[in-house]
Amino acid sequence: MSFIQTIRNIWTIEELRKRILVTLLLVLVYRLGCYVVLPGISPEDLDALSKFTNKSGLMQLLDMFSGGAFSQASIFALGIMPYITASIVIQLLGMVLPSFQKMQREGESGRQKLSQYTRYLTVLILVLQGPAYLANIQYQVSAATGGATFGGWTLAYLTVILAAGSMFIMWLGERITDRGIGNGISFIILVGIIARLPGALFYEFTSRLPGSTGSQGGLIMFVVEIILLFAVTVGAVLLVQGTRKVPVQYAKRIVGNRQYGGARQYIPLKVNAAGVMPIIFAQAIMFIPITLAGFGSSEGSSGFYAAFSDINGFWYNLVYFILIVAFTYFYTAITVRPTQMAEDMKRNNGFIPGVKPGKKTADYLDSIMSRITLPGSLFLGIVAILPAFARFFGISQNFAQFFGGTSLLILVGVVLDTLQQIESHLMMHHYDGLMKDGKIKGRTTGSAY
């Protein structure tokens with residue numbers, strides 16, 4: 001009954017209702033665009049590309065983040081990932097180049113300049129990725145049917161169409177952020193991931209039915225899989241929300257015979273301050289072998305390429321895990337700055353009980369972050385490689401991707417952020433929140449992706 005009342009409260013708030021409707025409308029436009037096929041691609045060509053995507057685990061990952069548009073040879077095939085890649089590069093440049101650091105400190109005008117540079121870099125990445133994607137289509141389709149031979153002008157205008165499609169997705173994301181609910185770019189990625197869930201769930205269910213191929217364990221095994229998926233999701237929620245509170249005491253000020261201040265507050269340090277960024281960085285590096293070798297079939301390949309193109313293999317997941325742990329420490333070190341925190345505390349007459357202000361406080365905060373980042377990074381690495389363990393126990397490739405990795409963490413993070421915004425609107429209009437036992441916590445640090 002409380003759930004129905006919450007829905008009524010949400011619908012009663014006019015601004016919130018409009019934002020939700022706008023978000024749903026823009027998402028519908030995005031999903032329809034995922035089924036608009038590039039000119040010159042026949043149904044036979046699509047079938048050959050779909051078979052290749054289903055056979056290659058790395059291609060399945062790319063197809064998941066594009067909501068199936070990759071295997072559909074859609075005008076949205078390149079998805080939003082080029083924009084995310086450009087955003088990551090701009091963020092890194094802001095950490096190493098003084099000119100970009102200056103723009104970050106200039107407020108709204110600086111953010112507009114950085115946003116413009118991000119768009120320019122996105123177009124450049126699309127110009128490079130577009131021909132590579134079309135070459136992949138040509139190679140796979142030619143091997144299967146002997147068709148889809150693109151000339152120079154065809155490659156040029158199809159690349160323009162792919163680039164325009166991705167830029168349109170970026171525009172949709174910005175409109176969702178401005179006039180809808182949640183972070184638009186993250187929400188579009190979320191929709192692409194969720195769009196694959198019903199089909200993967202149905203396929204896994206039918207494969208467990210008696211008499212079907214791969215029906216080991218039957219429906220009991222399917223129920224166990226759902227329970228494990230729920231448990232992993234709960235763990236991802238704890239990883240996103242986990243914090244450790246460091247007590248901060250404000251210095252007492254004596255005026256006459258009275259004492260003012262002395263109130264104790266806390267610095268919430270995240271167990272996973274880097275968010276999902278380490279997985280995105282590590283995954284980008286793991287894509288390098290197949291990018292350098294091309295999108296061709298890996299059948300008959302051996303050695304280094306074979307090891308790092310098998311997402312369920314031992315060496316791939318071992319290196320992937322190590323990279324995630326290393327990038328978690330790296331990204332935490334450049335985003336959480338104990339020295340700056342110590343200076344801000346000293347400037348506001350605050351201190352940590354038992355720790356001297358200044359360098360001692362910075363060293364103390366750094367040691368705390370190092371201790372809590374270790375279990376956070378290990379847990380993040382374990383969550384990232386869980387799909388490989390799921391495949392080891394006979395779970396289908398499509399369904400196994402939801403047992404961990406970037407998809408699960410993005411799904412959890414974006415859902416929590418969106419619910420937090422809805423709850424803020426409810427509380428602002430003096431309604432009860434979505435949770436009776438406390439407020440929903442979103443991702444207060446790290447990337448929005």
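The values are calculated or read from the model by the stated rules, or taken from the named source; none is laboratory data. Because the structure is a prediction, the values reported are computed rather than measured. Methodologically, a virtual Cβ is constructed for each residue, glycine included, from the backbone with ideal geometry; neighbour enumeration extends over all protein chains shown. Accessible surface is based on the protein model in full, side chains and every heavy atom, while ligands, DNA and RNA are left aside. Shrake-Rupley method; radii C 1.70, N 1.55, O 1.52, S 1.80 Å.
Full extension of the segment from residue 25 to residue 12, taken as 0.36 nm per residue of separation minus the current Cα-Cα distance, would add 2.8 nm. Only protein heavy atoms count here; under a 1.4 Å probe, residue 12 has an accessible surface of about 80 Å².
Distances between placed amide hydrogens fall under 5 Å for residue 350 paired with 251, all partners being 5 or more residues away or on another chain. Ranking 385, 362, 425 by how far each Cα lies toward the positive end of the dipole of region 305-432 (charges on Cβ) leaves 362 at the top.
Using per-residue counts of other Cβ atoms within 10 Å, averaged over each peptide, order 316-327, 380-391 from highest down.
380-391, 316-327
For region 308-361 versus region 105-130, the spacing of their alpha-carbon centroids is 27 Å. FRET efficiency for the pair residue 393 and residue 96, taken as 1/(1 + (r/R0)^6) with r the Cβ-Cβ distance and R0 = 41 Å, rounds to 0.45. Between residue 238 and residue 47, the C-beta separation translates, for a Förster distance of 41 Å, into a calculated FRET efficiency of about 0.45.
Maximal additional length on extending the residue 371-residue 203 stretch stands at 56.3 nm, based on 0.36 nm per residue less the C-alpha distance. Here region 312-431 has 66 percent of its accessible surface on carbon and sulfur atoms, given a 1.4 Å probe and all protein chains in place. Below 13 angstrom from the Cβ of residue 99, what's the summed charge of the other residues (Lys, Arg +1; Asp, Glu -1)? Net local charge, residue 99 excluded: +2. Amide H contacts of residue 267 (H built 1.01 Å from N, in plane; Pro and chain starts excluded): 246, 248 sit under 5 Å, all sequence-distant by 5 or more or on other chains.
By accessible area, using a 1.4 Å probe on protein heavy atoms only, region 82-187 has 64% of its surface on carbon and sulfur. Solvent-accessible area per residue in region 313-381 equals 54 Å², computed with a 1.4 angstrom probe and all protein chains kept.
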